[in-house]
1. If you go through region B:242-269 one residue at a time, how many are more than 12 Å from chain A (Cβ to nearest Cβ) and either more than 14 Å from B:THR173 (Cβ to Cβ) or out of contact with any Gly (no Cβ under 7 Å at 6 or more places or on another chain) (or both)?
2. Within region A:139-148, is there a residue that is at positive phi and either at the interface with chain B (Cβ under 7 Å from one of its Cβ atoms) or not acidic (Asp, Glu) (or both)?
3. So how many residues does region B:274-301 have that are assigned to a loop (DSSP other than H, G, I, E, B) and under 27 Å from B:ASN415 (Cβ atoms)?
4. Inside region A:62-149, counting only strands (runs of 3 or more DSSP E) that do not spill past its ends, which hold 2 or more residues that are touching an Asp or Glu at 6+ places or on another chain (Cβ under 8 Å) and either closer than 28 Å to B:GLN228 by Cβ or assigned by TED's automatic domain parsing to the domain that holds A:VAL262 (or both)?
5. Going through region A:247-263 one residue at a time, which ones are open to solvent by less than 10 Å² (accessible area, probe 1.4 Å) and closer than 17 Å to A:THR154 by Cα?
6. Any residue in region B:342-356 that's more than 9 Å from every other protein chain (Cβ to nearest Cβ): show its pairings with residues that are among the aromatic types (Phe, Trp, Tyr) at Cβ separation under 6 Å, as long as the two are six or more apart or on different chains.
7. Checking the structure you have, find out if any residue of region B:67-81 is more than 7 Å from chain A (Cβ to nearest Cβ), touching a strand residue (DSSP E or B) at 6+ places or on another chain (Cβ under 7 Å) and free of Cβ contacts under 8 Å to residues at least 60 places away in the same chain.
8. Checking B:VAL166 against (1) open to solvent by less than 10 Å² (accessible area, probe 1.4 Å); (2) more than 10 Å from chain A (Cβ to nearest Cβ); (3) free of Cβ contacts under 8 Å to residues at least 60 places away in the same chain, only one condition comes out false. Which one?
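The values are calculated or read from the model by the stated rules, or taken from the named source; none is laboratory data. Keep in mind that this is a model prediction, so the values were computed, not measured. Positions of Cβ are backbone-derived with ideal geometry, glycine not excepted, and every protein chain shown enters the neighbour counts. What goes into the accessible areas is simple: the full protein's heavy atoms, side chains included, and nothing from ligands, DNA or RNA. Shrake-Rupley method; radii C 1.70, N 1.55, O 1.52, S 1.80 Å.
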Protein chains: 2
Amino acid sequence: MNPSAPQPERPSPSRRRFIKHGIALGAALVAGRVAPAHAQSPPVPDDPSRVVGGPMLPYGERSPFEGALREKGPPSMPDEWGGNFTPLGEMLGTITPSDLHYEVCRGGIPTIDPKKHRLLIHGMVDRPLILTIDEIRRLPSTSRILFLECAGNTRTEWGAPLAPSVQFTHGLTSCTEWTGVALSLLLREAGARKNASWIVAEGADATGNERSIPMAKAMDDVLVAYGQNGEALRPGNGYPLRLIVPGWEGNINTKWLRRIKVVDSPYMTRMESPDHTSLMPDGKARQFLFVMEAKSVITFPSGAQRLPGPGFYEIKGLAWSGRGLVRRVEISVDGGKTWRDAKLQAPVLRFAHARFRLDWRWDGREAVLQSRCTDETGYVQPTLAELVKVRGVNSIYHNNAIQSWKIAADGSVHNVHV
Amino acid sequence: MNPSAPQPERPSPSRRRFIKHGIALGAALVAGRVAPAHAQSPPVPDDPSRVVGGPMLPYGERSPFEGALREKGPPSMPDEWGGNFTPLGEMLGTITPSDLHYEVCRGGIPTIDPKKHRLLIHGMVDRPLILTIDEIRRLPSTSRILFLECAGNTRTEWGAPLAPSVQFTHGLTSCTEWTGVALSLLLREAGARKNASWIVAEGADATGNERSIPMAKAMDDVLVAYGQNGEALRPGNGYPLRLIVPGWEGNINTKWLRRIKVVDSPYMTRMESPDHTSLMPDGKARQFLFVMEAKSVITFPSGAQRLPGPGFYEIKGLAWSGRGLVRRVEISVDGGKTWRDAKLQAPVLRFAHARFRLDWRWDGREAVLQSRCTDETGYVQPTLAELVKVRGVNSIYHNNAIQSWKIAADGSVHNVHV
């Protein structure tokens, strides 16, 4: 029996049983790739066991049949500006490979020689520091699996649903293991003064991307990171140094970090005024929002995917909260009328993506899928209507509303607001 | 003040304080990359903030200044045969990037079209199954961060210490997040019979790599994995399907998985007889060793690295156990006479690499560094002498002895047996 032979047209014994018994595995394990196909088709042996395989390589490559890619938006902007979205619909588990971690740039990705790069810590300190990368890498270190999310993630969803896929509605969040030095260690070493209440972090790119951070957070859990998923940071994620501010909006996680100034008030920089502020219905703007509130999204089935037919599916998605642990994710398949608890993949880590899953049998009729996250503070992810009622529609940033995916009778999946 | 400017030759204010106070950060934060340098030197701007940076890319690349690579051994063998060692001395945190995950091949890396690949489950079952990748990816899934370790990892250390670096003494272990389907689900679906006590797994490469696995383990925590660190498996790690057998020797984690036969006894295949058996002093061979016992190794400072001078260093390393959680790692800097507890990076996960760290001040005199792991069963990693006393020196496989790194007065680090 040759398992590499083409599958016969008639139902195999296994498929017959799925149909007959109609249990967990479902009636519709039919062929057909669910996710968008990027596959090339290089020449391959009919039976790979009959030939010697290829050589082992010093640095890995994907199979030529795999092609998940980040995509940049908005399309009107040059390659140095905008967001580079993680293909969440094709991601598995909770770790995002560094090659596909989202990026947001306003002045391109600088090329930095780590031997020339310095980190300056100055301002209201007794002992200004200038540190090389080698010096920083010799200090006591720590590692942590953490999500990042751009404050502008899901900004398309304030108005009519335009983004076709979860990559473009939610792809400005990713989750990797970061390694670095506690910022508190460096601030103590520099002798930050008692009356200092903020720091201002600055990157070495063309924008500087200055951001003010309260001293309490800076002394709590902020990292000066040089490592990501076991290696050095990728250039688009801040090589050789990035400030990692767990649970806070992506932009404040300063890439290409080169200066930290210890100060006694926020600096009202471009990136915190007018950028990263939210205009409210009364004409005032919220500023220094910082924390990414509890949020979740179904990544399968999601927009632009297609279900090949009725039957068993595992609904899968990601949940996260900038206020701590994800405690619960519920799923609705009827547009929010009824909810069922999803399974959370253990271990659920504070400030990391949590993978949730729920077995589901699609009956072939129209369905609207939603997920709703509750974090350890008891905060429940709002509907879009609830969010708009409080915030209006001029916020741009911090849209953490429940996402809806409509499955049409033909199996196609669409972004809808219900 | 330009932090990108070259560091002055005279001690900076920060360095003076480290010297004066002699506290944690130590007296010797001098310049000089500790790890082996692979850096190229592309043209870079003197001040990257003065120019627009490069474009965002669909799929990431490392900085041109980073060059950690796997290395293949033994050098006498063709590229399709042997081990491809993870550069553990340059790895950070606990997650190994898929590009640098170790590989062992005996017939090269097959090229497999996932659309043509099938998984056959047959033998002592009521309903043989033939599954496509699409079908497998639709089933209930799970993800888990797990180490793999080749049974032959550290085989160089039975005799005189020849391997110069931790890459070649211990680099046949790595740790990634695997995603797939529980094998127990597939075996239940196939209707594995009550009197079936083993399975035989077979890969689609030129070797087949058949291995027998007891049914109790197969029904416990084994995965049929299609995902690694968020993406599809890499070709060298089994694309498109790999059996993942938590805590057991790497070879039994069958790559390119294409057949599982349910049987009532082990099949005594080439890969389990004579391969992966250990010849004992009495002339008998141990067989079906399976579990990778508790083990640890210091990755910094380690062989072929060099300490630039006396002062503060963080000793770093990895520990793991195929029997469950790592409970404790102790470090000796005097060749095993005295021991101190290292810090374990939280969360410590069952069957995953645990990162340990310990602050240390090197006084500039000769030192021998060792780490010793204890797992949740109470098992303590043995010295090489203890291991050899029981096992002799013909075992080849399953060498989990304490590793010693000698630091010479000039800061050079060497592999020694003490």
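1. 19
2. No, region A:139-148 has no match at all.
3. 10
4. Because the criterion is at least 2 residues that are touching an Asp or Glu at 6+ places or on another chain (Cβ under 8 Å) and either closer than 28 Å to B:GLN228 by Cβ or assigned by TED's automatic domain parsing to the domain that holds A:VAL262 (or both), the strands (runs of 3 or more DSSP E) in region A:62-149 that meet it are A:82-85, A:142-149.
5. A:GLY247, A:GLU249, A:GLY250
6. B:ALA342/B:PHE356; B:LEU344/B:PHE356; B:ALA352/B:PHE147; B:HIS353/B:PHE147; B:HIS353/B:TRP320
7. Within region B:67-81 (the criterion being more than 7 Å from chain A (Cβ to nearest Cβ), touching a strand residue (DSSP E or B) at 6+ places or on another chain (Cβ under 7 Å) and free of Cβ contacts under 8 Å to residues at least 60 places away in the same chain), the answer is yes, since at least one residue qualifies.
8. (3)
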